[in-house]
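Comments concern the structure below.
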Amino acid sequence: MRLTVAIPTYDRNAIFRKHLALLMPQLTTDCDLLIIDNCSPAPVIETIGDLLDSYPAVNVQVERNRTNVGAAANMLRCIERCETEWVWVLSDDDLPKPDAIETVLRNIRKSPDCVFFNYSTVFKVRTESFVTAGLDEFVERLDEFGNLVFMSTGVFRASAVSANLKYGYIYSYSWAPFVAMLLHTLGDNGKVWFSDEHIVEYHAADEKRWSYINWGLGMGVLLDAPMKPETRARLAQKILRSVAFLDFSLLIELSAAMNAKRMERREARFIYDQVCGRLYYFERSVIRRGRIFAFRMLLSFPRFSYRVCIDGIRFIRRRKGKSEDVVAGIWAPDRLSGV
């Protein structure tokens, strides 16, 4: 039984070195370290080379892509290049817990027949661990989709998911290629361990870089995976629960893009229809249908809808004693890098 800690990295050399320094002392003779540099402006080996040299007993492999292949593809290369039975794909900006490796190895020894281990985070703090068998039960008992998408909380049996690596690349647009691979791997009997333990500390990214448009268009693709109709409907519900009021956020972001002359009204409605048509397809209540229709109509008045929505959020945040400073920035037009 061997574990590869695979780290895809791009242009975060300083913070990566800091986190790697916390990981290296944990690596045992049962571990390999694989680092894939996605063609960073400054090669990562120049920043971490001396640190790696100070641990000569650790089996380390550092690869550098000839060109930037994108975040999703670089993550998948970690699976593709893994040569051990197990792989933990750890983000370069996530802080490993001091006992992370010990925790992972202990659980693997305890349940080597599992396909995937999913650990707790701030998104979902579990009070107890549980195991599911097969795709249907996995989706039914999935307690937080956001926790599943958070890459660093997952450890895969590489030999199982590698057979479906192609689906990771096919669904790379989903923002969750590992989830796509898992959906195609579990079948009727594949076991998943949902653990109440933590192996990483989550640090919120810059909210201005997040796009609900890109997220909605991408995550909806996961519903194309082969599964029973009732399982697909349940998965759509779990995806929606991970982002509160997605339709409302889409309205604000699309309005902001139109106000900045980065999008025409027809294009905004097309994107809105694409996201809602997939993720809200199974929600047939009159209230939900009416809300989606009303928000779509408001796209005809982008300045009005953006102003009213932002003022409404600011009012609510003031009532709750929260800062207003981030409100406009969250839905600023310059966040729409993928549109």
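Normalised by the number of residues in the range 3-203, the average gap of Cα pairs under 8 Å and 6 or more apart makes the relative contact order 27 percent. Here the spin labels are modelled as points 7 Å beyond Cα on the Cα-Cβ line, and at residue 125 and residue 63 they lie 3.9 nm apart. Measuring between their Cα centroids, the range 134-161 and the range 10-74 lie 25 Å from each other.
Using the average count of surrounding beta-carbon atoms within 10 Å as a protection proxy, the listed peptides 288-294, 193-199 rank, highest first, as 193-199, 288-294.
Under the classification rounded if a/c is under 1.5, otherwise prolate if a/b is larger than b/c and oblate if not, where does the range 40-80 fall, given a ≥ b ≥ c as square roots of the Cα gyration tensor eigenvalues? Please list the in-between numbers first.
Values: a/c = 3.51, a/b = 1.58, b/c = 2.21.
The shape class here is oblate.
Could you please rank 128, 46, placing first whichever residue has the fewest other Cβ atoms within 10 Å of its Cβ? Don't skip to the end; give the middle numbers.
Values: 128 7, 46 11.
So the ranking, lowest neighbour count to highest, is 128, 46.
With one equal scatterer per alpha carbon and no solvent term, the Debye-computed log10 I(q)/I(0) for the chain at 0.09 1/Å reads -0.53. Under a model in which nothing but the beta-carbon of Lys, Arg (+1) and Asp, Glu (-1) is charged, the chain shows a dipole of about 1780 debye around its Cα centre.
The long axis of helix 100-110 is offset from the longest Cα principal axis of the chain by roughly 80 degrees. What does the charge add up to near residue 148, with Lys and Arg as +1, Asp and Glu as -1, over the other residues with Cβ less than 13 Å from its Cβ? Here the charged neighbours net out to +3. Mind checking the angle between helix 13-23 and the chain's longest principal axis? C-alpha axes, 0 to 90 degrees, to the nearest 10. That helix lies at roughly 50 degrees to the long axis.
Restricting the calculation to Cα atoms, the range 211-335 shows an Rg/Rh of 0.99 when the hydrodynamic-style radius is the Kirkwood one. Look at the dipole of the chain built from charges on Cβ: of 125, 3, 104, the Cα furthest out on the positive end belongs to 125. Each other residue within a Cβ distance under 14 Å of residue 32 adds +1 if Lys or Arg and -1 if Asp or Glu, for a net charge of -2. With respect to the chain, whose longest principal axis is taken over its alpha-carbon atoms, helix 229-241 is tilted by about 80°.
What does the C-alpha gyration tensor say about the overall shape of the range 3-203? Classify as rounded when a/c is under 1.5, otherwise prolate if a/b is larger than b/c, or oblate.
Values: a/c = 1.74, a/b = 1.40, b/c = 1.25.
Here the range 3-203 falls in the prolate category.
Protection proxy ranking, highest mean first, for peptides 31-43, 263-275: 31-43, 263-275, where packing is the per-residue count of other beta-carbon atoms within 10 Å, averaged.
Toward the positive end of the charge dipole of the chain, with +1 on the Cβ of Lys and Arg and -1 on the Cβ of Asp and Glu, the farthest Cα among 202, 305, 163 is that of 305.
Only sites in a loop by DSSP and with at most 15 other Cβ atoms within 10 Å count here; which chymotrypsin sites (Phe, Trp or Tyr not before Pro) in the range 20-129 make the cut? It would help to have the intermediate numbers written out before the result.
On the way: sites: 86, 88, 116, 117, 119, 123; in loops: 119, 123.
Of the chymotrypsin sites (Phe, Trp or Tyr not before Pro), not one in the loops of the range 20-129 has a Cβ with at most 15 other Cβ atoms within 10 Å.
Within the chain, DSSP assigns beta bridges of which about 35% are antiparallel (rounded to the nearest 5).
Sorted from fewest to most neighbouring beta carbons within 10 Å, what does the list 159, 249 look like?
Details: 159 13, 249 20.
With the sparsest Cβ surroundings first, the list reads 159, 249.
Coordinate-derived values only; no laboratory data. Since the model is a prediction, treat every value here as computed from it, not as a measurement. A quick note on method: Cβ atoms are made from the backbone with ideal geometry, for glycine too, and the neighbour counts reach across all protein chains shown.
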